[in-house]
Amino acid sequence: MKRPVLPLIIIFCALLVAVRTASADGENDKITGEQAKFYREQVAPILSKSCFSCHGPDSKLKGGLFIGSRQAILAGGESGPAVDLETPADSLIVDAINYQTYEMPPKQKLPAAQIKVLTQWVKMGVPIPADAETERPDVPEERHPPQVNDENKKFWAFRPVVDPAVPMVKGAEWVVNPIDNFVLAKLEAAGLQPTSATSKAQLIRRAYYDLTGLPPSIEEVEAFLNDDAAGAFEKVIDRLLESTQYGERWGRHWLDLVRFAESNSYERDGSKPHIWRYRDYVIRSFNDDKPYTQFIREQLAGDECEPKTADSIVATGFYRLGIWDDEPVSQKAAMYDDLDDILLTTSQVFMGMTMNCARCHDHKIDPIPQKDYYRFLAFFNGIRRYGVRSGQSVADASIGPIAVNAKEEQQAELRKQLDREIGELNRKINNVDRRLRELMTPPEKEDFRAVEVRVDIATKYIGKGLSKKLVEDYGAAVARRKEIEDTRPDELAHALIVKEIGATPRETFVLTRGNAEVPGEKVEPGFPSILSPPEPVIALPTSGNSSGRRTALADWLGSRDNQLTARVMVNRIWQHHFGRGIVRSSNNFGFGGDLPSHPELLDWLAVQFMENGWKLKSLHKTIMLSSVYRMSARSHEKGLAEDPANNLLWRFEMRRLSAEELRDSMLSVNGSLNLKMGGPSFYPIIPKEVLAGQSRPGNGWGKSSPEERARRAVYIFIKRSLIEPMMADFDFADVDSTCPVRFVTTQPTQALGLLNSEYVNRQAEVFARYLEESAGDDLVAQIRLCLTRVTQRRPRQGEVNRGVAFVKSLTDQDVPADVALKYFCLLTFNLNEFIYLD
């Protein structure tokens, strides 16, 4: 009778596994004296000093790996067995200590001699004497990442947006629109009442700063105070929304989100050419009340839009706003860092999802698998990197024309005119460049690659090979060439834009531990699975040289079926009217973010936003006409006792002016504000002590005319390594990453700057001259006019008297009258009534 072959094979395999297991488990029983000595004298000291802090008996066992016993080493941790007995050279320990896939210890690579010792130990089979083994520490079991399942899909942010029923309230007389119903219903349920309404004078000041970032004139305030019509405030709102200053104010909020800056960071911090055009595009878009869905589509896929426009091309500068490492250790790793920055910004700004936290592993807090991260990244994986190293590489990869329908003859004539002038300028510039290359040191030749440092380097060689006049002419030629490049007519203008490698993007893989050199499973573009999305519909654009993937992403983000896009944007609008969002963590709507204080109100606003064509101006108006918006900042005992954080919105929040508002208000009240819109950014005067903090003092910081320096702060040149001091002191945005909230600080440099800084003293002097010209030599009239402009109200006589007394106290001490008046102007810039709203 024939014996059954299969059962015998199974038995044999089982015995083989048993023998191998027994061999592995019992290896320490067969350890030789030489092996024991080798472990004690050479291996153990290395493990104790460099490894046990994370993986030893008194550690928290990072990655679940314990190396205090042989059995634990063979079992391994989250990444699998630490040692491969069959092919020791492939062991994870050997990989990690050689800094290949992993890097252990993470702070510093071990010396070559120690790597050799540990490698030899692994080849021996990691023998450890029995009396040298330690017990695995009792550490809490690690929390596993949330899964994508039906239960987690019920989380409030991942559910579809619904139009909620407007709640009934007892205090119906307080209600102006449904916003009031939602807020008052919660207050009544908590036994609270809203505080009193604010005064008309405070209300118009609040509205002006909220919508334009500038103070109203006394004439505008008094016209509103004297208008008793029911629609008086609505008329003010309509006028402000039509003001061009509206786009400058609200465009700045968007620039915070997309990490707008005009330089690249890192050591050289070179300038981003033409990027001011993106800023101007944002301002125009807000002023035009562009549908938010179009705004999304232009920024994410404007080059794939049909019909293309100058705006849709400039909008793709969104992809070029991040920091750029022009000297990375690995170009491939740097590319993935750049893509991660784009993914982070896109997912947080448009969806309020921290997808970037799933780059190396499944998200630890939200149900976002690592695979979802790379599927989302695949939408961007055809984008060319900003540049490689030189300015020419940036021009090739990231700069392009914005004209789409210009006539060829018109273009040719314009180009001919400019080319003639640029040719002459280049002749002068190239002459000096050639001479400098013979004079410069090797480090200077390396720095000379950056255009913005060339005049500084040339200046060092005055009298050492170059004449003063030659360098001055050189500087003028470089400045004029930049001016031409910056101000070309649209028919010939260029912008910093997105470019792809072609219609076929790179393949995308899940990267093991986020390591660019260790690709895993191949993936295709896809949306976050927790949102139960459709599969992307990707079609090649009818023109251009891209894949169409970004259009598919933009279309899904702008869909009414997307649970997050509308919610996230209306929350941002609410945040900038009330000081915090209905969801305070406005870039994080996930499990780790804050829950909404008024979830039904958030959904109601989102529905209204979508039904009104995704337009922002109608949303502003709805919010500002509510009784909630018109509350005062006054408190009452019950509210402070039961809701001290004001989560239920029983009062309005007092706020300090932002850095831009404070600066622009000084220019406005002293009569020097230049309301010129758009164009290249200007350079404020920065004290030499601040410039001295740069590796090359003053490097890359230009000079602007007094008229240019009087423009609004939104047009200040933003250099990542050199933020203008007043902006920095008063909590300007972090420009290295998306900045959803500017946290308000109170610190000594603010008070010191408002009294002693060159800028504030300069503006106080301009103000004093304005008062002298407007009110003549009458000190009382000067003081009255000063206080009127600063507070936007008529001052009381006692206030005027105190101002007069202050000036006279100075002149009595032989301070010249004009200087004394300047100091009074300086004092008024420090008034709480000037610095704060409500």
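Roughly how many percent of the accessible protein surface of the range 123-180 is carbon and sulfur, given a 1.4 Å probe and a whole-percent answer? Numbers along the way, then the final one.
Details: 2130 of 4000 Å².
Roughly 53 percent of what the probe reaches on the range 123-180 is carbon or sulfur.
Going down the list LYS200/LYS617; LYS445/LYS719; LYS200/LYS808, which pairs span over 25 Å between their C-alpha atoms? All intermediate terms of the calculation are to be shown ahead of the outcome.
Details: LYS200/LYS617 22 Å; LYS445/LYS719 23 Å; LYS200/LYS808 35 Å.
Going by Cα-Cα distance, LYS200/LYS808 fall outside the 25 Å limit.
For a test of the definition: using alpha carbon positions, the gyration tensor, and the 1.5 limit on a/c, classify the range 426-501 as rounded, prolate or oblate.
Numbers: a/c = 3.16, a/b = 1.67, b/c = 1.89.
It is oblate, given that a/c is not under 1.5 and a/b is not larger than b/c.
Give, as a single signed number, the net charge of other residues whose beta carbon lies under 15 Å from the beta carbon of SER585, with Lys and Arg counted +1 and Asp and Glu -1.
Numbers: positive: ARG567, ARG572, ARG580, ARG584, ARG742; negative: ASP366, ASP594.
Every neighbour counted, the sum reads +3.
Determine the alpha carbon to alpha carbon distance for each of LYS290/LYS676; LYS464/LYS703; LYS469/LYS822 and list only those over 30 Å.
Over 30 Å apart, Cα to Cα: LYS469/LYS822.
As an exercise, use a Förster radius of 22 Å and the Cβ-Cβ distance of ALA728 and LEU595 to find the FRET efficiency, rounded to the nearest 0.05. Provide the component values of the computation, followed by the final result.
Working: r = 33 Å, r/R0 = 1.50.
With R0 = 22 Å, the Cβ-Cβ based efficiency is 0.10.
With charges only on Cβ, +1 for K and R and -1 for D and E, what is the dipole size of the chain about its Cα centre, in debye, rounded to 20?
1000 debye
For the range 555-629, just say rounded, prolate or oblate: build the C-alpha gyration tensor, square-root its eigenvalues into a ≥ b ≥ c, call rounded for a/c under 1.5, and beyond that prolate if a/b exceeds b/c, oblate if not. Provide the component values of the computation, followed by the final result.
Details: a/c = 1.91, a/b = 1.04, b/c = 1.83.
Since a/c reaches 1.5 but b/c is at least a/b, the shape of the range 555-629 is classed as oblate.
Would you be so kind as to identify which of TYR209, ALA165, VAL176 lies farthest towards the positive end of the dipole of the range 69-219, taking Lys and Arg as +1 and Asp and Glu as -1 on Cβ and the Cα centre as origin?
After comparing all options, I get TYR209.
D for the range 382-482, whole µm²/s, Stokes-Einstein with Kirkwood Rh over alpha-carbon pairs at 25 °C and 0.890 mPa s: what number? Walk me through the intermediate numbers first.
Numbers: Rh = 15.8 Å.
Estimated diffusion coefficient is 155 µm²/s.
Just round it to a whole percent: the fraction of Cα-Cα distances in the range 38-90 exceeding 12 Å.
66 percent
Report relative contact order for the range 605-730 in percent, whole number only (criteria: Cα-Cα under 8 Å, sequence separation at least 6). Working shown, then result.
Numbers: 93 pairs, mean separation 29.2, N = 126.
The normalised contact order for the range 605-730 reaches 23 percent.
Can you send over the carbon and sulfur percentage of the accessible area for the range 547-614, probe radius 1.4 Å, protein chains only? Provide the component values of the computation, followed by the final result.
Details: 750 of 1800 Å².
Exposed carbon and sulfur together represent 42 percent of the surface.
For the chain, with every protein chain kept in place, what is the accessible area per residue (1.4 Å probe, Å²)? Before the final figure, lay out each step's value.
Values: 38540 Å² over 838 residues.
Result: 46 Å² per residue.
Tally Lys/Arg at +1 and Asp/Glu at -1 over every other residue whose Cβ is under 12 Å from the Cβ of TRP614; what's the total?
Numbers: positive: LYS290, ARG297, ARG560, LYS615, LYS617; negative: ASP289, GLU611.
Once positives and negatives cancel, what remains is +3.
On the accessible surface of the range 316-378, probed at 1.4 Å, how many percent belong to carbon and sulfur atoms? Spell out each step's value before the answer.
Details: 970 of 1760 Å².
C and S atoms contribute 55 percent here.
Given a Förster radius of 22 Å and the C-beta distance between ARG560 and GLN147 as r, what FRET efficiency does 1/(1 + (r/R0)^6) yield to the nearest 0.05? Can you show the working numbers first?
Numbers: r = 27 Å, r/R0 = 1.25.
About 0.20, to the nearest 0.05.
Where Lys and Arg each count +1 and Asp and Glu each count -1, what net charge lies around TRP604 among other residues with Cβ under 12 Å from its Cβ?
Details: positive: ARG567; negative: ASP163, ASP180, GLU600, ASP603, GLU611.
Combined, the nearby Lys, Arg, Asp and Glu give -4.
Taking 7 Å along the Cα-to-C-beta vector as the label spot, tell me the SER243-ALA645 distance in nanometres, rounded to one decimal.
3.4 nm
Full extension from LEU85 to THR101: what is 0.36 nm times the residue separation minus their Cα-Cα distance, to one decimal in nm? Walk me through the numbers on the way to the answer.
Values: separation 16, 0.36 × 16 = 5.76 nm, distance 1.91 nm.
Residue separation times 0.36 nm, minus the Cα-Cα distance, leaves 3.8 nm.
Relative to the present Cα-Cα distance, how much length would full extension add between ASN832 and GLU438 at 0.36 nm per residue of separation?
Values: separation 394, 0.36 × 394 = 141.84 nm, distance 5.86 nm.
Result for the pair: 136.0 nm of gain on full extension.
So, in nm, how far is label ALA232 from label SER757 when the simple model puts each one 7 Å beyond its Cα toward the Cβ?
3.6 nm
Could you let me know the centre-to-centre spacing of the range 133-165 and the range 801-838, using Cα atoms, in angstrom?
59 Å
Calculate, for THR504 and ILE115, the FRET efficiency according to 1/(1 + (r/R0)^6) with r their C-beta to C-beta distance and R0 35 Å; round to the nearest 0.05.
0.25
Taking a cut-off of 16 Å between Cα atoms, list the aspartates and glutamates near LYS123, but don't count ones fewer than 8 places away on the same chain.
By straight Cα distance, LYS123 reaches GLU27, GLU34, ASP84, GLU86, ASP90, ASP95.
Regarding the chain, what whole-number volume in Å³ per residue does the convex hull of its Cα atoms give? Before the final figure, lay out each step's value.
Details: hull volume 224.7 nm³, N = 838.
Enclosed volume per residue, from the Cα hull, is 268 Å³.
Rounded to the nearest 500, what is the 222 nm mean residue ellipticity of the chain from helices alone, with -39500 (n - 2.57) per DSSP H run of 4+ residues and division by all residues? Walk me through the intermediate numbers first.
Numbers: 37 runs with 395 residues, N = 838.
Value at 222 nm, helices only: -14000 deg cm²/dmol.
The values are calculated or read from the model by the stated rules, or taken from the named source; none is laboratory data. All values derive from a computational prediction rather than experimental measurement. With ideal geometry, Cβ positions are generated from the backbone for all residues, glycine too; neighbour counts draw on all protein chains shown. Side chains included, ligands, DNA and RNA excluded: accessible areas come from the protein's heavy atoms. Shrake-Rupley method; radii C 1.70, N 1.55, O 1.52, S 1.80 Å.
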